[in-house]
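Input: one structure, supplied below.
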Amino acid sequence: MKTVLLLIAVAFCAVHGMSAQTGILDMGADPKLHGSYPTNYQEIITNWLQTALVDATSAQIEWISGPKPGTLPEKKNGDPLFGYLVEFRLNSRNRFGAYTGMQRKTVLIHDGQVVKTKGFAF
């Protein structure tokens with residue numbers, strides 16, 4: 001019985017693009033293009049925000065979606081950058097000490113690093 005259940009689980013993972021080892025749905029991501037799946041994406045983004053925001057300690061984050069394979073255009077030549085897109089809403093203080101209000105942001109993570117952003121003004 002255990003063997004039958006294991007075979008069913010492996011078949012399900014193969015059909016639906018899920019890793020049998022991690023149980024993470026990879027949605028057809030190519031590790032050569034998109035990099036490794038960022039299981040710790042919230043930590044990656046939070047650490048990146050520490051360097052990107054004027055007042056990182058004031059940051060309030062609402063996570064909208066977890067990592068999904070995707071692309072954002074490179075600024076210089078327009079070629080796509082591949083990685084995992086994460087969407088969230090961010091409220092933080094600006095240079096004047098006032099909160100900006102919740103704003104939708106997107107970051108592209110490739111191999112554990114934020115490589116591109118959308119919705120940031122810097």
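(1) modelled with pLDDT of 95 or more; (2) under 17 Å from the mean Cα position of the chain (by Cα); (3) small (Gly, Ala, Ser): which one isn't true of residue 92, the others all being true?
Here residue 92 clears every test but (2).
Continuing with this model, one more query. Could you check, for segment 56-67, whether at least one of its residues is touching a strand residue (DSSP E or B) at 6+ places or on another chain (Cβ under 6 Å) and free of Cβ contacts under 8 Å to residues at least 12 places away in the same chain?
no
Yes/no matrix, rows are residues, columns are (1) surrounded by 17 or more Cβ atoms within 10 Å (Cβ to Cβ); (2) touching an Asp or Glu at 6+ places or on another chain (Cβ under 7 Å); (3) at pLDDT below 95; (4) in a strand (DSSP E or B):
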site	(1), (2), (3), (4)
58	no, no, no, yes
63	no, no, no, yes
76	no, no, yes, no
86	yes, no, no, yes
101	no, no, no, no
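Condition (residue is modelled with pLDDT under 85 and of a type in the set (Gly, Ala, Ser)) applied to segment 31-46: is it met by at least one residue?
Step one: filter segment 31-46 for residues modelled with pLDDT under 85, giving none.
There is no residue in segment 31-46 that is modelled with pLDDT under 85 and of a type in the set (Gly, Ala, Ser).
Here is a further query. Tell me which residues, restricted to segment 65-122, are of a type in the set (Gly, Ala, Ser) and under 23 Å from residue 54 (Cβ atoms). Give the derivation first.
Taking segment 65-122 and keeping what is of a type in the set (Gly, Ala, Ser), we get 65-66, 70, 78, 83, 92, 97-98, 101, 112, 119, 121.
Listed by number, the residues that qualify are 92, 97, 98, 101, 119, 121.
Could you tell me which residue of segment 34-47 is farthest from the chain's Cα centre (by Cα), considering only residues that are touching a residue at least 12 places away in the same chain (Cβ under 8 Å), assigned to a helix (DSSP H, G or I) and over 15 Å from residue 89 (Cα atoms)?
Out of the qualifying residues, it is 34.
Right, next: Tell me which residues, restricted to segment 98-116, are β-branched (Val, Ile, Thr) and in contact (Cβ under 8 Å) with a residue 24 or more places away in the chain.
Within segment 98-116, 106, 107, 109, 114, 115 meet the criteria.
The values are calculated or read from the model by the stated rules, or taken from the named source; none is laboratory data. Fair warning: this is a prediction, and the values are worked out from it, not measured in the lab. Note that each Cβ is placed from the backbone with ideal geometry, even for glycine, and that neighbours are counted across all protein chains shown.
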